[in-house]
C-alpha cells in the first residue's frame, strides 16, 4: 500500500504543478483577418437556442456546403458560455449567443474577430442600424459575430383562462394575482432584470434606469419582488417544453415566454396570446459567434454568411416568431405569414420596438454612468438568485 | 546422434514455448509482489489516475475563486466559497431537503422491495424466479429520461393519474411539478436497484437455518424477524446505498418533475451553467462527505459483499 | 412453487404485494408504448388517435441510428475495460492478502456511490486540463473512460462473489496435476467465472448504455443515445420518435437479457 500511496502522491504533485504552470493561450483578436473563406471541412458543430436550427434551413445549408451540422441546445446563456470553453474552445465551432454571453466570451478571448467585409449585408445597409455594431458584439470597432434574430420575453397567457386580457405584468408579480401557482417564470439569474424592469415602472423612487445595472439597494428590491413571486410560481421553466407542456395541460396559464414557445402552442392550436406589456419587456439580440479555436472555421464562416441571407432569416422568423436583423427579410416574411403577424406580432425589423426592449447584457460592477463601480456583477446576481430559487 | 527431424521439431518447439511460459509462470509463482503488482496495478492505476486524481484536483479547486467577468479560475487560495455556503441559509435548506427526500426514497424503496425480493428468493420456483427478475430488470433498459418524462405525463394535472382517480371518484392529487412528484419518480427509478441486492442476500440465507429456527419452535414471523432479516441486512443496506446515493446527487429529476432546487441542481447550475467550478466543488463536498460516512457505516454492516 | 415455512395468508398477501409493485414498475412502460402510437405531438391525456407513423419516421432518422451506434460502441468499450479491470481487482482481493485490502472495494464503489455530477465534473476538469497538457480531446474515448470508471465495480462484485463460492481446492488440484498458472486459469478458473463475467458485463453495458449525467460532462459533441433522447425529448415535435426508440430498445434488449439471466442463474446453481 505504501508503494501506491507514494505513487499517488507523486501523481498528485505532478498534477498540481502542471495545472499551476499551464496557461491557456488567448487568441489575439484583430491580427490577421481572412478576407476569403477557404475550403470547407465537412462538419460544423453549433451551440444554439432551441428553434434556431431547424431542418428546414439547416438541410439546404448542408447540401450546399457539404458541412454536416451537429447541434447542442442550450437553455441559458451560462450554459452557452460554459460549452464554448470546453476543451479550450475546440469542441464547438460557433454559438448563437445573446448579449449576456457575448461580452463574457469576448473578454475571455473565446470568440474570434470576424471581417465584416466578408458579409455584404454590413456595407449595403441591409442590417438594421442598431445591430450593425452594437456594444454587445462589437468592441473598439472589432466585430465578433453576425446578427441573427432578436425578440422580447413576452407575457404569454391562456386566452380562455386569463380574463380580462392583461396589459401589464402585474398579474405575475402582485400578491393579489388570481393565478397563484399557475404562473410561469424563467429559470435563470438573468430573470432578475425582469423584476427590475417592473420596479422601474412601478417604484420609480428606486431610480432604476437600466435593469442590468443595479446597485445593491436596487438589487435587494428586485430580489424582494422575486421572493414575493416565488410562492405563486407553478414552474420555473428552463426547457421550453416545460412551459409548453404546462400550457398544454392547463397547469400554467400566464408568464414570461419566448416567441418560440408561443409559436409552438399556436401551431398546436392552443388558445394563447402573447404581448409586450405596458412596462416593456426584457429581450435579446442574438449573434452568431465563432470560437477562436474552432476546428471547422470555414464551415462556420459559411454558416454566418448563410444566416444573413434574407430568405433564411425570414424562414427562421416564421418558425421561431422572433424578428430578423436583416431588413430585406421582411417582405419575404410578410409573404410567409401575412402583414398582421409580421408587423404586429413579430415587429419585423422594427427599430422602435428593438430600442425599447431591455436587451440581455451581462451585469458588471461598472455601472456605465455616474455611479461608478457600485453595481452588482453577475456572480452576485447568481448567488442572490439561488437564494430565491432554493428557498 | 539424433537429427532434428520435422516430426521431432514440432514437439520441441511447443516444449520450448511451454518452457518459456513455465519459466514465466514459475517466476511469478515465486515473486508474489510482482504477481500482485500485475494483477492489482491496472485497476488501481486506473482508479488513481483517472478518478482519484481528478477528484482531488476538483476538490482542490474548491479553495480557488472564479473571476466574475471572464469566468476564468484564479488560483488564489481562500475559503470564500465555504464561508458563503455556511452563511447563506438557503444552502442548508437545500441540503436538508435533499437528504430528507433521499432518506425517504431509500426507506420507501426498501419497503416496496422486500415483498418482491422475498417472493422471488424464497417462494417462487426457478421459472417464476427468472420471470420475476426479468420483469424487475426490464424497465432499466428503457431510457431513464424517457421514464421520467412518462411520469411527467402521468402526474400532470389532468394527466393519467388524475384522470383515473377522478373517474374512480377518489378525487385528484394534482401533483404536477412538486416535491411529491420528485419523490414518486425517485422511488420508481431506483426500485430495481434496491430489489436486486436484497434478493441476492435473501437467496443466500441457508434453508437449514430456517428449518432449525422452525424446529426450535419459532413461528414464521419470529423467524423472519430474528433470522432472515438480520441475515439479509447486508443486502438491504446495499440497496439503500443505491437509492440514497443516486437521489442525493441527481439534478435531472428535480428539474424535470419538480419545481424546487436540490443539491445536484445547485452544483449543476454552478458548474454547467455559471461555470463557477470552485463553488460547485465546494458544495459538492457535502454529498461526498455524507456518502463517505454512509459507506463507512455500510462497510461495518458488511454491505459491500452484497452489492 | 416451493413449500416453505410461510403461512398461507402471508403468501397470498405477498403475491398481492408483488403484483402491485410489478404494476408500479410497468406503468411508465405502458405510457411509453401508448405514446409511441399517439398520432398527435402534444402529450396530453387521454390519447385521441393512434397511429404507427412515428415508427417509420424514427426508422428513417439517421441521427437515431448514429446515436444508437455510438452508444453501442461506448458500451462495448466500457464493458471490455470493466471486465478486464474488475476481474483483475477481484483476483487481487481474493488471492492475496495485503495492506489496504478493504480500501480497494471501498475505492471501486466510489464512482457509483458518489453523485454522478461529481464524477462528471472531475472528469470534465481532467479532460480540459489534459487537453491543454497532452492533447486529450472530448470524444468517444473520453466517454468510454468515464463509463468504464463506474462500471468496474459491478464486474468486480460479480466476480468476487463467484470466486468466494468456488472451492480453492480446485486450483490446488489443478496445480498438483502439473498445470502452470496460465493453464489453471484457462481450464479451471475461467469456466467457473463465465456466467459471473457474463452477468457483470451485461450490467456494465446496461449502465453505460443508459448513462446521461457523466456522459454530459465527458462527451463533448459526440451524441450517445441518452444524449439524443435528452435533446429530442425537449422538442415537442420530436417527442413521439423518442418514445418509439425507447420502446424499441426495450424490445430488442429483452432477448439477450433473458438469456444472460438464464445462464447466470444456472451458473449460480452449479
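All of the numbers you see were taken from the coordinates with simple rules; none came from a lab. Everything numeric in this text was worked out from a predicted model, so none of it was measured. In this analysis, Cβ positions are derived from the backbone assuming ideal geometry, glycine residues included, and neighbour counts consider all displayed protein chains.
Details
- Beta bridges per DSSP, both residues in chain A: antiparallel share near 60 percent.
- Distance in nm between pseudo-label sites at residue B:20 and residue B:134 (7 Å out along the Cβ direction from Cα): 4.8
- Annotation: the residues C:151, A:348, A:367, sorted from fewest to most other C-beta atoms within 10 Å of their own C-beta, follow the order A:367, A:348, C:151.
- Proportion of all alpha-carbon pairs of the range A:106-253 beyond 24 Å (%): 50
- The Cα-based radius of gyration of chain A, divided by its Kirkwood radius, gives an Rg/Rh of 1.00.
- C-alpha center-to-center spacing [the range B:221-268, the range A:178-246] in angstrom: 35
- Volume of the Cα convex hull of the range C:51-172, divided per residue and given in Å³: 186
- Residue mean of other protein chain beta carbons inside 10 Å, C:5-15: 4
- Separation of the residue C:69 and residue A:217 label points, Cα + 7 Å toward Cβ, nm: 6.5
- For the range A:100-179, the fraction of alpha-carbon pairs lying more than 23 Å apart is 47 percent, rounded to a whole number.
- Sorted by Cβ neighbour density within 10 Å, fewest at the top, the residues A:126, A:369: A:369, A:126
- Computed from Cα positions, the angle between helix B:144-155 and the longest principal axis of chain B comes to roughly 20 degrees.
- Label-reachable residues, the range C:166-189, where backbone N falls under 12 Å from a point 7 Å from residue C:98's Cα toward its Cβ: none
- Temperature 10 °C, viscosity 1.306 mPa s: under these conditions the Stokes-Einstein estimate for the range B:50-203, based on its Kirkwood radius over C-alpha pairs, is 81 µm² per second.
- Between helix B:32-46 and chain B: long-axis angle, C-alpha atoms, 0 to 90°, nearest 10: 30
- Applying 0.36 nm per residue to the separation of residue B:111 and residue B:170 and subtracting their alpha-carbon distance, the gain on full extension is 18.8 nm.
- Footprinting exposure proxy for C:180, A:242 (fewest neighbouring C-beta atoms within 10 Å first): C:180, A:242
- Counts of other chain beta carbons within 10 angstrom of each beta carbon in peptide B:113-119 average 5.
- Of B:277, B:50, B:289, the one that fluctuates the most in a GNM where chain B has Cα springs shorter than 10 Å: B:50
- Gyration tensor (alpha-carbon) shape descriptor, chain C, a/c threshold 1.5: oblate
- Simple spin-label estimate for residue B:163 and residue B:231 in nanometres, 7 Å along Cα-Cβ: 4.8
- Nearest-0.05 FRET efficiency for residue B:300 and residue C:40, computed from C-beta distance (R0 56 Å): 0.55
- Structure-based [θ]222 nm, chain C - -39500 (n - 2.57) summed over DSSP H runs of at least 4, per residue, nearest 500: -26000 deg cm²/dmol
- Once the convex hull of all Cα atoms in the range A:28-83 is built, its volume per residue stands at 119 Å³.
- Here the Gaussian network model covers chain A, with springs between Cα atoms less than 10 Å apart; of A:101, A:112, A:366, A:366 fluctuates the most.
- Rounded to 0.05, the FRET efficiency of the residue C:182 and residue C:251 pair, given R0 = 45 Å and the Cβ-Cβ distance, is 0.60.
- Neighbouring partner chain Cβ atoms per residue of A:74-87, average, 10 Å criterion: 5
- Whole-number Å³ per residue for the convex hull built on Cα positions in the range B:85-300: 160
- Extension gain from residue A:115 to residue A:161, taking 0.36 nm per residue of separation minus the Cα-Cα distance: 11.5 nm
- Residue among B:190, B:86, B:141 with the largest mean-square fluctuation in a Gaussian network model of chain B, springs linking Cα atoms under 10 Å: B:141
- Over chain A, DSSP H runs of length four or greater, each weighted -39,500 (n - 2.57), average out per residue to a 222 nm ellipticity of -11000 deg cm²/dmol.
- Radius of gyration and Dmax over the Cα atoms of the protein assembly as shown, both given in Å: 30.5, 116
- Peptides B:154-162, C:231-239 ordered by average Cβ neighbours within 10 Å, highest first: B:154-162, C:231-239
- FRET efficiency for residue B:88 and residue B:180, using Cβ-Cβ distance with R0 set to 22 Å, rounded to 0.05: 0.25
- Cα long-axis angle, helix C:239-269 against chain C (0 to 90 degrees, to the nearest 10): 20
- DSSP bridge orientation in the protein assembly as shown - percent antiparallel, rounded to nearest 5: 60
- Mean ellipticity per residue at 222 nm, deg cm²/dmol - from DSSP H runs of n ≥ 4 across chain B, formula -39500 (n - 2.57): -22500 deg cm²/dmol
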